[in-house]
Amino acid sequence: MKKAIVFLVILSLVCFSVFAEGTREKAPANEKLVVGFAQIGQESGWRGAETTSITFYAAQNIDTIQLHFADAQQKQENQIKAVRSFIQMGVDVIGLAPVVETGWETVLKEAKEAEIPVIFVDRMANVSDDLYASFIGSDFVDEGQKAAKEMIRLLNGKGNVVMLEGTVGASAAIDRQKGFLEEIAKAPGITIIARQSGDFTRSKGKEVMESFLKSYPQIDGAYADNDDMMLGAIEAIKEAGKKSGTQIKTVSVDGVKGLFEAMVAGEANVTVECNPLLGPQFFQAAADLKAGKSIPKWIKSNEDVYRQETAAADLPTRLY
Ligand code: GYE
């Protein structure tokens, strides 16, 4: 609720900057960096942190940045519409967090024809190099590998593991699973007994875990492509009368505060960090592109692994 209010306040500041055009003293419109951002939705705490990072940065730099922000409610068709509207507006740069990897060629060719560079933020799309300027985000395969190493350690290389998977077709889900499965295969004593998508949300994570618990009497470990699904899964485990963090070990990705709280409570074991605070890097890259500078094709985030043992000390330092 508090997060939603903060988000609305920031959004209204950004909208104000858009609607206040012409009424305030400012640099001529063409001197401002005009950016369109096609966000996925509000499916997770991570996503909320990313949106706040972007809208807050724009609000803080209202004299030099004009942001048009669209929330696609997790639907690719809405993101495509948003990108098209940014092209029509003639923005300087488009930021796109592609909900899934495929299906972007047509709209990205339209952006290219209009000579508007596109930066992928946090998720990748499966397109040729000439259709995007840069990808700002994490190495998801590496995150999956780190998660698997933690799971192998927690289970001493032995046991039944279930996987709660992110949105089907999303790069963050596909690559984390790839890394996780590659690495977990190195522990022949571990069996993946079930895999299902919980669409990166807490409510679906809970539903998926409920069905796993009904079907499989012996689950030793649960891996989730994001913390929100794990938080839902933890509720399901508790309601089923089992103990997460001890009877069922947990490893998930993101590093949101809620998961640190669950670790402090002894109900979760590990989170692999994925940094959502991409606003500053995104606007810097957009400004560089507007200034005609070249930027790296992949601007990578630095990330850590956090365990239950240090969670209480780490929690106050967490920014999202
Ligand atoms: O891990 C998840 C979110 O694309 C990296 O999307 C992002 C993922 C993140 O919904 O929580």
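Here Ile295 meets each of (1) closer than 30 Å to Glu31 by Cβ; (2) in contact with a Leu (Cβ under 7 Å, 6 or more places away or on another chain); (3) within 13 Å of the ligand (Cβ to nearest atom) with one exception, condition (3).
The residues of segment 140-175 that are in contact with a strand residue (DSSP E or B) (Cβ under 6 Å, 6 or more places away or on another chain), within 12 Å of the ligand (Cβ to nearest atom) and within 23 Å of Ile237 (Cα to Cα), listed by number, are Ala147, Leu164, Glu165, Ala173. Among the residues of segment 200-218, is there at least one that is more than 16 Å from the ligand (Cβ to nearest atom), open to solvent by 40 Å² or more (accessible area, probe 1.4 Å) and of a type in the set (Phe, Trp, Tyr)? There is at least one residue in segment 200-218 that is more than 16 Å from the ligand (Cβ to nearest atom), open to solvent by 40 Å² or more (accessible area, probe 1.4 Å) and of a type in the set (Phe, Trp, Tyr).
Just one residue in the set Val208, Val168 is part of a helix (DSSP H, G or I) and over 21 Å from Tyr306 (Cα atoms); that residue is Val208. Scan segment 220-261 for residues that are surrounded by fewer than 24 Cβ atoms within 10 Å (Cβ to Cβ), part of a loop (DSSP other than H, G, I, E, B) and either touching a residue at least 60 places away in the same chain (Cβ under 8 Å) or under 23 Å from the mean Cα position of the chain (by Cα) (or both) and the total you get is 2.
Of all residues in segment 119-139, those that are more than 18 Å from Phe283 (Cβ to Cβ) have Cβ atoms under 9 Å from Cβ atoms of residues that are of a type in the set (Lys, Arg) and away from the ligand (no atom under 11 Å from the Cβ), 6 or more apart or on another chain, in Asp129/Lys297; Asp130/Lys112; Leu131/Lys109; Leu131/Lys112; Ser138/Lys300; Asp139/Lys300. Just a yes or no: is a residue in segment 105-115 in a loop (DSSP other than H, G, I, E, B), in contact (Cβ under 8 Å) with a residue 40 or more places away in the chain and either of a type in the set (S, T, N, Q) or open to solvent by 10 Å² or more (accessible area, probe 1.4 Å) (or both)? No: segment 105-115 contains no residue that is in a loop (DSSP other than H, G, I, E, B), in contact (Cβ under 8 Å) with a residue 40 or more places away in the chain and either of a type in the set (S, T, N, Q) or open to solvent by 10 Å² or more (accessible area, probe 1.4 Å) (or both). In the set (1) within 22 Å of Asn302 (Cα to Cα); (2) part of a loop (DSSP other than H, G, I, E, B), the condition left unmet by Ser53 is number (2). Inclusion of Thr55 among residues that are modelled with pLDDT of 95 or more and buried (at least 22 other Cβ atoms within 10 Å of the Cβ) is warranted.
On the stretch given as segment 116-157, residues that are outside any loop (DSSP other than H, G, I, E, B) and either β-branched (Val, Ile, Thr) or farther than 30 Å from Thr191 by Cβ (or both) total 13.
The values are calculated or read from the model by the stated rules, or taken from the named source; none is laboratory data. Because the structure is a prediction, the values reported are computed rather than measured. Every residue, glycine among them, receives a Cβ derived from its backbone with ideal geometry; neighbour counts consider all protein chains shown. These accessible areas exclude ligands, DNA and RNA; they are computed on the full protein's heavy atoms, side chains included. Shrake-Rupley method; radii C 1.70, N 1.55, O 1.52, S 1.80 Å.
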